[in-house]
Structure formats: C-alpha cells, structure tokens
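> Just dropping this structure here.
The values are calculated or read from the model by the stated rules, or taken from the named source; none is laboratory data. In this text the structure is predicted, and so the values were computed from the model without any measurement. Cβ placement follows ideal geometry from the backbone for every residue including glycine, while neighbour counts extend to all protein chains displayed. Accessible surface is based on the protein model in full, side chains and every heavy atom, while ligands, DNA and RNA are left aside. Shrake-Rupley method; radii C 1.70, N 1.55, O 1.52, S 1.80 Å.
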Amino acid sequence: MNGRILVGGAIAVALASLAAVGFSGAPQVEVTDFATAPRATQPVYDARLSPASAAPVKEFRIPIRDATVEIAKTYKSWTFGGTVPGPVIRVREGDLVKIKLVNEASMPHSIDFHAARIPMNKAFRTILPKDSLSFEFTARDPGAYLVHCGTPPVLLHLMQGMYLPIIVDPKGGWSGKVDKEFVIVQSEFYVQGGDSALPGQADWKQALEREASYVVFNGRAFQYQEHPLQVDIGDRVRLFVVSAGPSFTSDFHIVGTVFDKVYPDGNPAHALSGVQTYAVPAGGGAVFETRFEKDGSGEGVYAFVTHAFADAAKGAVGLIRVGAPQVAAMAH
C-alpha cells in the first residue's frame, strides 16, 4: 500500500505525514472508485468542480450499470457509475491515468477516452457482462474531453446516457485565477413513453431522424432553472463545456455577459477573447471564462443556453445566480 491514497481514507493522512519528514518512495497514487464515490445528482447534478490533486498517478474504477434516471421523466438508461453524465474525471497534463472498467450491466459495453492516445483495440474493446478491462495512458493533451461507450451502434449507447467528462489541466494551469469552476455536459435524449409506473425507452427512429425529445445540460431538462448555479459578485468563473451529442452541437452562450476567454483546446496560448457564443461540436469540448463584476455583469440572474433555441426549448437552459438578487430565478 506504500504510496497509495484511498480517497477519503487514513492512508492519505499517513502519506502526508511521511512527506512532511522527507520520505520519498513510490509515486503518490490517488484511487477513486465510482461505485462508492458517485456524482451527486439530487436535487441536481452537482456541476461544481474541485481542483485536481497533486498525485501524479490517478486510478479510477468505473462500473457500468443499468439505471433508471430522471431526465424530465423517468428513463431506463445505461450509465457509467449509475448517473448521467457519469462522474467527472479531473487530472493534470503529465499524469498517469489508470482505468479499470467493470461491466455490471446486462449487455456488452466499452469505453472511449477522447483524451487518450492509445490503440483502441487494446483499451476501447467491448467487454461482456461480469467482465472487466484495465488500461492506462498518460494525459498528454490538456482540455475538456468526452468519454463515452464505443460499442456499436454508438448512437444508441450515447443516447442512452453512456458518457462522462474528463478534464485535463495544462501543466502550468489555466492562465489567471478563477473563483469558481463548473462542468456542463450537453446531450440529447430520444424517448418513447415514460411515466411513474413505466420508465421511458430509447426511440431509435427519432434518433436517426435527429428529432430529440429533450436536449439537456448534465442529464436533466431545465434542472438549473429551479436550482441555479450560485456565484458571488466579483467572481471570475470558468466553465468546462462538453457536447456529448450524440448528434447536436452546443452553441454555448450566457445571457447578459461576454466571455473574456474561450479556450477551443487545452493550450492557453490559443485563447480567444471577447466571445459572445462559441460552438462546441458533438464529441468536443471547450473552456469558457467570464467575470461577474459589480460595475458590469454584477448581481443578478443570468441564463446559460445553447443558442440553437429549438434545442434550448427542449431543456438546454440553466441559470447563474450572482449574489442575492431580489428576483431569485427567471426563464429565458
């Protein structure tokens, strides 16, 4: 166990004590099991982010599970870790990322890391129920990336909810300090039926015709209207936006402010400035920053949307609440 951190465990404390007295041993390893550390989804999917740890080796156990989730109605879904999206993976450029994928579901599945440079036949092959697969890669390319099931038909597995975001921070960090960070994953659902007695099912015909029933942020329609993201006056905010698709682009926009920076990729030197709306393609990701200054976009309520409003009308609308405005929420 030398050199390993069990998340939330006493070993992390012991290693910290050893480091304080100059101990040098095996590289520090952070271990996360998404079976025991799922992403909070009630009352909303928790969009808040914490910084990546300093551990140069990060291990993740990812269970594949069938699950019934709430997307606007109940829906019978396939998931990573039991939630849609699955839990967030956050690492740093240069980290060694170790993955153990465990198929606890009722049918074959796989996983595809857009952030990984690795032969797909080794790491992304389909595994049967009760089987597992382990692989590792070095996170060489910073940015906001999609992780999804790659088992054919990929369209079906994606529209069923099999995706999660991975954030790879640049080696020197993102330029400039921010006060709060959030992750937003846009996706579509194609649904037939669904009520409290019988969850909805996938509609393959609708998916082929790109006739989405819902377009959502972080797995549920309109959830951040009732429960806005909360920031303080003066905060600089960074949002990692990933479009899981399976078919639509996210034309990401915040009503009432302008993005000071948009990183189309993970290279801080490529940052765009003064951007009103930026398109994130299906299977892509980008990083957005804006400020909520007192004399500018200060106290108040701001909508974040996909500016393709036919899609926003189907659920891809949320709110950011800055400070404590008298109007706590509003529609857009």
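> State which residue pairs qualify: first residue farther than 24 Å from residue 172 by Cα and inside segment 130-149, second residue open to solvent by 10 Å² or more (accessible area, probe 1.4 Å) and modelled with pLDDT of 95 or more in any location, beta carbons under 6 Å apart, and separation of 6 or more residues or different chains.
Taking only residues 6 or more apart or on different chains, the pairs are 132/102; 134/100; 148/112; 148/158.
> Moving to a separate point now. What is the residue count in segment 232-248 for residues that are in a strand (DSSP E or B) and in contact with a helix residue (DSSP H, G or I) (Cβ under 8 Å, 6 or more places away or on another chain)?
2
> Do we find that residue 138 is open to solvent by less than 40 Å² (accessible area, probe 1.4 Å) and polar (S, T, N, Q) in this structure?
Taking the combined requirement at face value, the residue does not satisfy it.
> Which residues, taken from segment 304-327, are open to solvent by 50 Å² or more (accessible area, probe 1.4 Å), of a type outside the set (S, T, N, Q) and outside any strand (DSSP E or B)? Give the derivation first.
Narrowing segment 304-327 to residues open to solvent by 50 Å² or more (accessible area, probe 1.4 Å): 307, 309-310, 313-314, 321, 324, 326-327.
Subsequent filtering for residues that are of a type outside the set (S, T, N, Q) retains 307, 309-310, 313-314, 321, 324, 327.
Within segment 304-327, 307, 309, 310, 313, 314, 324, 327 meet the criteria.
> The conditions are (1) open to solvent by less than 10 Å² (accessible area, probe 1.4 Å); (2) closer than 23 Å to residue 74 by Cα; (3) among the hydroxyl-bearing types (Ser, Thr, Tyr), and residue 110 fails exactly one of them. Which is it?
Answer for residue 110: the failing condition is (2).
> Of all residues in segment 269-299 being over 20 Å from the mean Cα position of the chain (by Cα) and within 24 Å of residue 93 (Cα to Cα), which is least open to solvent (accessible area, probe 1.4 Å)?
Here the residue is 271.
> Here's something else I'd like to know. Take the residues in segment 263-303 that are part of a strand (DSSP E or B) and touching a His at 6+ places or on another chain (Cβ under 7 Å), then tell me which one is farthest from residue 225 (Cα to Cα).
Checked segment 263-303; the qualifying residue farthest from residue 225 (Cα to Cα) is 263.
> Give me the pairs: first residue in segment 223-244 and among the acidic types (Asp, Glu) and buried (at least 17 other Cβ atoms within 10 Å of the Cβ), second residue at pLDDT 95 or above and not in a strand (DSSP E or B), beta-carbon distance under 7 Å, and six or more apart or on different chains, which are they?
Cβ pairs passing all conditions: 235/179; 235/292.
> Out of the residues in segment 39-88 that are polar (S, T, N, Q) and open to solvent by 30 Å² or more (accessible area, probe 1.4 Å), which is nearest to residue 198 (Cα to Cα)?
Start the filter on segment 39-88 by keeping residues that are polar (S, T, N, Q), which leaves 41-42, 50, 53, 68, 74, 77, 79, 83.
Okay, now just the ones that are also open to solvent by 30 Å² or more (accessible area, probe 1.4 Å), so 41-42, 50, 53, 68, 74.
Values: 41: 21, 42: 21, 50: 37, 53: 42, 68: 10, 74: 8 Å.
The residue in question is 74.
Yes/no per residue for (1) among the β-branched types (Val, Ile, Thr); (2) closer than 25 Å to residue 170 by Cα; (3) at pLDDT below 95:
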{"position": "227", "(1), (2), (3)": "no, no, no"}
{"position": "240", "(1), (2), (3)": "no, yes, no"}
{"position": "244", "(1), (2), (3)": "no, yes, no"}
{"position": "314", "(1), (2), (3)": "no, no, no"}
{"position": "322", "(1), (2), (3)": "yes, no, no"}
{"position": "330", "(1), (2), (3)": "no, no, yes"}
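> A follow-up question, please. Is it the case, given these coordinates, that residue 154 is more than 30 Å from residue 271 (Cα to Cα), open to solvent by 20 Å² or more (accessible area, probe 1.4 Å) and within 19 Å of the chain's Cα centre (by Cα)?
Here the answer is yes, as residue 154 does meet what is asked.
> A further question on this structure: Checking residue 263 against (1) surrounded by fewer than 22 Cβ atoms within 10 Å (Cβ to Cβ); (2) within 17 Å of the chain's Cα centre (by Cα), only one condition comes out false. Which one?
Condition not satisfied by residue 263: (1).
> Kindly indicate which of 205, 180, 122 is open to solvent by 20 Å² or more (accessible area, probe 1.4 Å) and in contact with a Lys or Arg (Cβ under 8 Å, 6 or more places away or on another chain).
Of 205, 180, 122, the one residue that is open to solvent by 20 Å² or more (accessible area, probe 1.4 Å) and in contact with a Lys or Arg (Cβ under 8 Å, 6 or more places away or on another chain) is 180.
> (1) more than 17 Å from residue 138 (Cβ to Cβ); (2) open to solvent by 40 Å² or more (accessible area, probe 1.4 Å): which one isn't true of residue 93, the others all being true?
Result: residue 93 fails condition (1) only.
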